[in-house]
């Protein structure tokens, strides 16, 4: 279930339908806490009664009885602010109901009580009611003209003001169902819920009747017949999904695009694996998840493990159904590996709410296992992969080469799915440096050519595919390194180690320069999918859409661009005003909307300020959030910050995720969890059939059936039993194979980890203080960052791969042993609500001021204390404050520690690995050794390349809590270029063993490698020499060359680096030289000089290729070409050019003059043409054709950046 949380008094997430009732009776959780509140009131314990009511509202924030009780209690406690807020919430809930849940007199009574506390109780509704009505009319006008993006923005604006407006909610759903893919959402039901309006009791009874296979449901569709005993919903949804996929298969395989019928086969979905095996007479150790046998496509619920989700089942179904189309279109025969590879290609398909299919997506359960195998090397033969004597398969550690896959000399089984998928996905998507697909067309031709008939599969593959014009290699063995590098890069993009948007922006710009708008749009779309909040991506997408005349969506992108700049405080960007102008120019109703909005915003902010003046900051925040959540209103955002900072108030509204009775709303892949009163018990028994290495754990997850699509927070209290190994919170959960997790270990460690395709990657590992009782773990996800708190103490912040990667479901994760969870709560934000961003900013400010408690000696997210060095023993280093703009590895080390846990060899090789980059290493020893002892120890255990000092009077060690009862050695802090700590902990070596290279990555290696990659240190090092070259070219007025030379360095997102900043400033200087060109072109056109306008715009395009200036010039030039003045001048120019040709041939004046006269006749009112014609004609008549040619030559002198601008 995906629930969108809209901003407003009633924003939040619904775990159950809203209880629009005056008191309990439908929810035992709420009844229990309301009863507790009444008991506490009877005892005079007002604060406890308030807490109990607030707990009830955490389960259902629209419960009228609880809201009314909260208002009454707060009023008794003298908390006018909270009482007024609760009364307003009560009224909004009543007014939003389609049928009033209370009598009219009751509503009037409550309003009278509210007006005694709030004299402006009805003001906001009065301000906005007429405005909302006008917005609805505006939106309907846009829908009539198919301007769905603009209409959607208006409906979202309505829902910001009136969160439960039914007309807007229905309209949004309709747009998602009927508009283009960019407005559709993922929906297996393709926009329609087959169970909607169907009696659940009827479904349950019918499902019971059709539980056995011989009594299974059946249904006849247009392209398939359906049979299932997995339930009515599966029957109906499978029919929806498969009929949609059939249309997509036709397009992809180019089969019967006219809509003619395909051979009808039967789709069979069994309720479980047991039925599947029994009906098909398969052995117990059968490894298949489904099959296609020519007449049927078969699969089952739960997958081979019994734990797969409904979506995963459809992935299998899409895979198997694709085999039918391979059999229909594979002329001459398709080799088995290619058949399976094409089928796997469709596992990542997603059906959207408008019925279309989103495809060419990465199935992560294929990508990550393949990448892991590639990192281990290559198999020498396909025969190495085979089942054991009982038919059970084991996946090898290494990957097959391209040759092994294509030769096909192996027995098919599970280990081959990922590699064969990887071959086809690579061939379809691999691009050259200009972003042009290299093998895509050749792959399709190869597929259609009947490759199964080839006597020499390798030679045939090389002939058909590697002969592609852009192929960088000619033999299949040369592909291995390219394939592996590409797959590993794709993996890194998925986990956020590498940015996808950057390459796509570059590729898109190249496509624009080739005037391939469709390809440019494809790249910018992909960049937007990964970085939808990046202003540069949004701008590129907006301008390209405008060039392609997709004006409604271009308008939406310009609107998003302006909003992102406002939220980032970047409105000085010259493109901000350009975007605002586009928002007016592309929206025919924009001025009408602006007139309506102006007064509402002004009155709304005035009302918010009045609440603040009357000591009701919560209402001030709420009204301001409604004003600033969707509107472009910097004043409202500033006021929100002021109120939040000065009062510490927050609109955060937590929800209870566990009802303290059962696990309704939760789903598990096993029976490892059960409701246990107020707690959830997690118990994972060790499975002896699963190999578990040192430091590895067997885990099970419990997922809450709620999906976040915006900022959110989670928290839970946890308790380890003696045999427990780990427990924690999952977030950004896509399915059982893909999630993030924050995990606690009972021995005092906390991990932030990511599971992709079933493969776990530890992003951060650190020591923490664990109490013996309950631990409260909390995570705040804001944009693409996650902040972790343990027992109300801040632990750390971490940037995750992207916004999208942290959106999804959440849940619990438990390792082997038993543990308990309680008070599981969540807080969801609206996608357009800036409150989370603002509150995080305030929290980080408080953290820096030590107002938020941290574990002593932990500094994640802030700058640590300066070090105090009594004496340098080896080398010398600047102090931390002087090392800004460099990554710093601060090592706390001592000989006594190194004797117990050897680390010097590790530190030495680490420093050598990053030599030449902007990474500084420095080690600080404790005072337990003299300088002589340290020097002597280093002589025997060298740590070359690392300055080593001694702490000054233990000042640094105490400041970093390195003492008895605090942190021990070794301890390392990794500092970012701004001096803040991004990682802290120990490398994870064993006592008496220390660093062993064969053990793989340490806990420091990953964060350091990621930071170096994120800060582009290697790219900076490679691009730095071009800075001096560009400065030289610029000095010689070689503008285009200088711009090309400086571009790679200036393009890097690393303005913190002095040389990169210098490169960006040089680029800005160069671009500033041309910034007047479009303006001058406009002025020239207005002055009757359209040809000069064209020359100026050509100059902008040519000299500033690859920049936004060139893009703007192209847009302006296209507009110029449609201008009648230019067309007349261009016609006149052709006549003058003919005159010139006649003169160059030595013709007489009488042969030349008619062309000059024709030029004037073509554009007699264009001043520029008149002037040119007059000068040429005068020269011709007075001094002859040579003189005219000299005048023509002077007139053709192009403008230059350095002089004419």
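The values are calculated or read from the model by the stated rules, or taken from the named source; none is laboratory data. Fair warning: this is a prediction, and the values are worked out from it, not measured in the lab. Positions of Cβ are generated from backbone atoms using ideal geometry, with glycine treated the same way; all protein chains shown enter the neighbour counts.
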Worksheet, complete the sentence: Among residues of the range 671-684 being loosely packed, with under 15 Cβ neighbours inside 10 Å and either closer than 23 Å to residue 735 by Cβ or within 34 Å of the chain's Cα centre (by Cα) (or both), the residue modelled with the highest pLDDT is 674
Discussion item. Just to be sure before I move on: is residue 609 outside the structural domain of residue 86 (by TED's automatic domain parsing) and over 25 Å from residue 84 (Cα atoms) in the structure I sent?
Written reply: no
Discussion item. Tell me yes or no: at least one residue of the range 477-485 is under 30 Å from residue 785 (Cβ atoms) and within 32 Å of the chain's Cα centre (by Cα).
Written reply: yes
Fill in: Of residues in the range 470-496 being assigned to a loop (DSSP other than H, G, I, E, B) and in contact with a helix residue (DSSP H, G or I) (Cβ under 9 Å, 6 or more places away or on another chain), the one nearest to residue 444 (Cα to Cα)
471
Item to complete: Identify, from the list 120, 93, the residue that is crowded, with 21+ Cβ neighbours inside 10 Å and in contact (Cβ under 8 Å) with a residue 12 or more places away in the chain.
Response: 93
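Conditions tested, residue by residue: (1) in a helix (DSSP H, G or I); (2) modelled with pLDDT under 90; (3) buried (at least 20 other Cβ atoms within 10 Å of the Cβ); (4) under 40 Å from the mean Cα position of the chain (by Cα).
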position	(1), (2), (3), (4)
66	yes, no, yes, yes
72	yes, no, no, no
88	yes, no, yes, yes
98	no, yes, no, yes
102	no, no, no, no
Fill in: Top-ranked residue in the range 1166-1205 [being outside any helix (DSSP H, G or I) and in contact (Cβ under 8 Å) with a residue 40 or more places away in the chain; ranked as farthest from residue 1146 (Cα to Cα)]
1205
Fill in: Residues (under 17 Å from residue 784 (Cα atoms) and assigned to a helix (DSSP H, G or I)) located in the range 503-535
527, 528, 529, 530, 535
Worksheet item: Only one residue in 1006, 992 is in contact with a helix residue (DSSP H, G or I) (Cβ under 9 Å, 6 or more places away or on another chain), under 30 Å from residue 893 (Cβ atoms) and touching a residue at least 24 places away in the same chain (Cβ under 8 Å). Which one?
Response: 992
Worksheet entry | Subset of the range 565-578 that is at pLDDT below 90 and more than 18 Å from residue 635 (Cβ to Cβ) - its residue that is surrounded by the fewest Cβ atoms within 10 Å (Cβ to Cβ) | 574
Worksheet item: In the list 761, 754, 707, 739, which residue meets the criterion of being under 25 Å from residue 685 (Cβ atoms), touching a strand residue (DSSP E or B) at 6+ places or on another chain (Cβ under 8 Å) and at pLDDT below 90?
Response: 739
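Yes or no, residue by residue, for (1) in contact with a helix residue (DSSP H, G or I) (Cβ under 8 Å, 6 or more places away or on another chain); (2) assigned to a helix (DSSP H, G or I); (3) surrounded by fewer than 20 Cβ atoms within 10 Å (Cβ to Cβ):
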| residue | (1), (2), (3) |
| --- | --- |
| 540 | yes, yes, no |
| 557 | yes, yes, no |
| 561 | yes, yes, no |
| 580 | yes, yes, yes |
| 587 | yes, no, no |
| 592 | yes, yes, yes |
| 620 | yes, yes, no |
Worksheet item: Out of curiosity, is residue 804 surrounded by fewer than 21 Cβ atoms within 10 Å (Cβ to Cβ) and either under 19 Å from residue 1006 (Cβ atoms) or in contact (Cβ under 8 Å) with a residue 24 or more places away in the chain (or both)?
Response: yes
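If a residue counts only when it is touching a strand residue (DSSP E or B) at 6+ places or on another chain (Cβ under 7 Å) and surrounded by 21 or more Cβ atoms within 10 Å (Cβ to Cβ), which strands (runs of 3 or more DSSP E) contained entirely in the range 245-302 have at least 3 such residues?
265-270, 296-300
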Worksheet, complete the sentence: A careful count of residues in the range 903-958 that are farther than 30 Å from residue 1014 by Cβ and either free of Cβ contacts under 8 Å to residues at least 40 places away in the same chain or outside any helix (DSSP H, G or I) (or both) gives 19
Discussion item. For the range 19-31, give me each residue that is in a helix (DSSP H, G or I) and either surrounded by fewer than 17 Cβ atoms within 10 Å (Cβ to Cβ) or at pLDDT 95 or above (or both).
Written reply: 28, 31
Worksheet, complete the sentence: Counting only residues that are in a helix (DSSP H, G or I) and more than 23 Å from residue 1201 (Cβ to Cβ), the range 1018-1060 contains a total of 10
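Residue-by-condition table, conditions (1) under 17 Å from residue 486 (Cα atoms); (2) without any contact (Cβ under 8 Å) to a residue 40 or more places away in the chain; (3) outside the structural domain of residue 239 (by TED's automatic domain parsing); (4) in contact with a helix residue (DSSP H, G or I) (Cβ under 8 Å, 6 or more places away or on another chain):
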position: 380; (1), (2), (3), (4): no, yes, yes, no
position: 384; (1), (2), (3), (4): no, yes, yes, no
position: 389; (1), (2), (3), (4): no, yes, yes, no
position: 404; (1), (2), (3), (4): no, yes, yes, yes
position: 410; (1), (2), (3), (4): no, yes, yes, yes
position: 413; (1), (2), (3), (4): no, no, yes, no
position: 425; (1), (2), (3), (4): yes, no, yes, yes
position: 431; (1), (2), (3), (4): yes, no, yes, yes
Worksheet item: Mind checking whether some residue in the range 322-341 is without any contact (Cβ under 8 Å) to a residue 40 or more places away in the chain and within 24 Å of residue 493 (Cβ to Cβ)?
Response: no
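If only one of 631, 639 is under 30 Å from residue 122 (Cβ atoms), modelled with pLDDT under 80, out of contact with any strand residue (DSSP E or B) (no Cβ under 8 Å at 6 or more places or on another chain) and crowded, with 16+ Cβ neighbours inside 10 Å, which one is it? Lay out the reasoning, then the answer.
Working: 639 fails: modelled with pLDDT under 80.
Matching residue, one of 631, 639: 631.
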Item to complete: Could you check residue 652 against (1) farther than 22 Å from residue 556 by Cβ; (2) at pLDDT 85 or above and say which number it fails?
Response: (2)
